[in-house]
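Novice: One structure follows; several queries about it will come next.
The values are calculated or read from the model by the stated rules, or taken from the named source; none is laboratory data. Nothing here was measured: the structure is a model prediction, and the numbers come from that model. Cβ sites come from the backbone with ideal geometry, for glycine too, and all protein chains shown count toward neighbours. Just so you know, the surface numbers come from the protein's heavy atoms only, side chains and all, with ligands and any DNA or RNA stripped out. Shrake-Rupley method; radii C 1.70, N 1.55, O 1.52, S 1.80 Å.
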Number of protein chains: 2
Amino acid sequence: MKTLRILAIDDHEMTMLGYKFILERIVFEDYNIIVDTANTYEAGRERIEESAQSFAYDIIFLDVQLFPPNENQPHSGEDLGILARQLVPNSKIIFMSSFSDNYRINSILRSVDPDGYMVKTDIDPKSLEEAVKTVIFEPPYYSSKALSAIRKKMANDITLDENDKKILYHLSIGTKTKDIENHIQLSSSSIENRKRHLKSLFGKEKENDLALILAAKNRGFI
Amino acid sequence: MKTLRILAIDDHEMTMLGYKFILERIVFEDYNIIVDTANTYEAGRERIEESAQSFAYDIIFLDVQLFPPNENQPHSGEDLGILARQLVPNSKIIFMSSFSDNYRINSILRSVDPDGYMVKTDIDPKSLEEAVKTVIFEPPYYSSKALSAIRKKMANDITLDENDKKILYHLSIGTKTKDIENHIQLSSSSIENRKRHLKSLFGKEKENDLALILAAKNRGFI
DNA sequence: GGAAAACCATAAAAAAACTAGGGTTTTCGT
DNA sequence: ACGAAAACCCTAGTTTTTTTATGGTTTTCC
């Protein structure tokens, strides 16, 4: 009987117990599934570092939003994913996130390239089981809502550089245009130009920022 | 008892019969599944045009490679897909292709944005059934090998414009560099520059074209 | 061995992006 | 409804990036 080791990291204790319960009941060939858990960034990091020294987890489930207990600086699950990739490159990584936020999904798919990505509303015992099996045998596994985000992106002929994406992102979270220059290495003039350019790219010439944001959302950029 | 109408277009008569046989046996809620078939571009086009006038097919399965019988000019399944999208926008489209050719997949995902994409070696009764159900309820459905191609693309931080992609494509099919200028609106000098630039992007400075092509293949561009 | 193709380097020309500056319009708080 | 802040628009000069032509060197291949 072989053992399949899973680490689940989520800051909600109860949901994590739910995962543990479901995952350990999966019947999977001659595997015995064991789930370890962690519910803070720090605890998760420790587990991963430990595992790098001894056995490596087969799969790491990782919540996108993780807030460490006694700190202000919020470490994201994304950071932990990047770290895990370095420390334990052989472990499969599956991200879980509450919403199908395209900007975040796109960003994580590029920075971590996880073996799976599940939007939480897609998660149930059946999909969890499928995710585990798929990720082991023929990754990747993307849940339904993650797939529609990915589809939007792939169906796109517009290519934006990093600055364009950042501008869109900041606009979408309500950053004032004049404050964007604090986050991006560009003059205010350039940012205005780029906004105009973006609007024309998305066919929203002479329209307001809201129209631009909606169009960019529809195309899967934010 | 409702009816689910499917049109399958593939130039291999026998494989198409296989699809018909499998698809019509699918047990799917209270649907009765009926499969029409066509095995040339022309026949497929006619079926689609007819259906635009009366009922619309719920799903159209479409082979990527279609050669019409009495013509030299080969129409691709991609063209037919684009046509179908215009004529019967409500029909779900599922592409089937023999190999996981990234350039082709990327191109079709952009031009047609099909509701499904299956690489033929992934196709079996089970996956066909899953494709049908997924496409009806929560598209898209991408088969395993299609997903790994998509994953490569999404994990990429390199963005290429249309000319770069064309250059890579032509190199990959063996077009001589000096002949590429016939296909792209650029001077030979620019093409050389772009090739150099591409090689440096993919970390293959001073290496030959083969190295570039392999790197681009690995990243899912061709 | 020799021609064709690929590669490299340079410099000039063209296109695109950035910036500063100033003005007009819209938005928003009070 | 007012005034200030922000957003928007436009111009012109600068910088950066791309394109192009040209001429030479190396590699490939019959």
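Novice: Quick one: in chain B, whose Cβ comes closest to the B/A rotation axis, and how close in angstrom?
Specialist: B:Thr159, 2
Novice: State the percentage of accessible surface on chain A attributable to carbon and sulfur atoms; use a 1.4 Å probe and exclude ligands, DNA and RNA.
Specialist: 47 percent
Novice: Continuing with this model, one more query. Which ³J(HN,Hα) values in Hz, rounded to whole numbers, follow from the phi angles of segment B:181-190 under the Karplus curve 6.51 cos²θ - 1.76 cosθ + 1.60, where θ = phi - 60° and Gly and Pro get x?
Specialist: Ordered by residue, 3J(HN,Hα) equals 5, 6, 9, 10, 7, 8, 6, 4, 4, 5 Hz.
Novice: Something else about it: Quick one: accessible surface of A:Ser54, probe radius 1.4 Å, all protein chains present, in square angstrom to the nearest 10.
Specialist: The value for A:Ser54 is about 80 Å².
Novice: Oh, and also: Probe of 1.4 angstrom, ligands and nucleic acids ignored: what's the accessible area per residue over chain A, in square angstrom?
Specialist: Normalised by residue count, the accessible surface of chain A is 49 Å².
Novice: What is the set of long-range amide H partners of A:Thr37 at a cut-off below 5 Å, with H atoms built 1.01 Å from backbone N?
Specialist: Those qualifying (amide H under 5 Å, at least 5 residues apart or on another chain) are A:Ala8.
Novice: Could I ask something else about it? List the accessible area buried at the contact between B and A, summed over both sides and calculated with a 1.4 Å probe, in Å² to the nearest 100.
Specialist: Details: alone 11810 and 11870 Å², together 21690 Å².
Its buried surface, counting both partners, is about 2000 Å².
Novice: Next question, about the same structure. Enumerate by residue number the trypsin sites (Lys or Arg not before Pro) in segment A:1-73 meeting two conditions: DSSP loop (anything except H, G, I, E, B), and at most 16 other Cβ atoms within 10 Å of the site's Cβ.
Specialist: On the way: sites: A:Lys2, A:Arg5, A:Lys20, A:Arg25, A:Arg45, A:Arg47; in loops: A:Arg25.
Passing sites in segment A:1-73 are A:Arg25.
Novice: What's the extension gain from A:Glu13 to A:Phe137 if we count 0.36 nm per residue and subtract their Cα-Cα distance?
Specialist: Length gained, A:Glu13 through A:Phe137: 41.7 nm.
Novice: Would you rank A:Arg85, B:Arg196 by solvent-accessible area, highest first, keeping every protein chain in place and using a 1.4 Å probe?
Specialist: B:Arg196, A:Arg85
Novice: Where in segment B:87-104 is the amide nitrogen less than 18 Å from a point lying 7 Å along the Cα-to-Cβ axis of B:Lys120?
Specialist: B:94-104, by backbone N distance to the label point.
Novice: Amide H of A:Leu4 versus every other amide H placed in the peptide plane: which residues, excluding those fewer than 5 positions away on the same chain, fall under 5 Å?
Specialist: A:Asn32, A:Ile33, A:Ile34
Novice: Now a separate question. What's the FRET efficiency of A:Asn32 with B:Asp30 using the Cβ-Cβ distance as r and R₀ = 41 Å, to the nearest 0.05?
Specialist: 0.50
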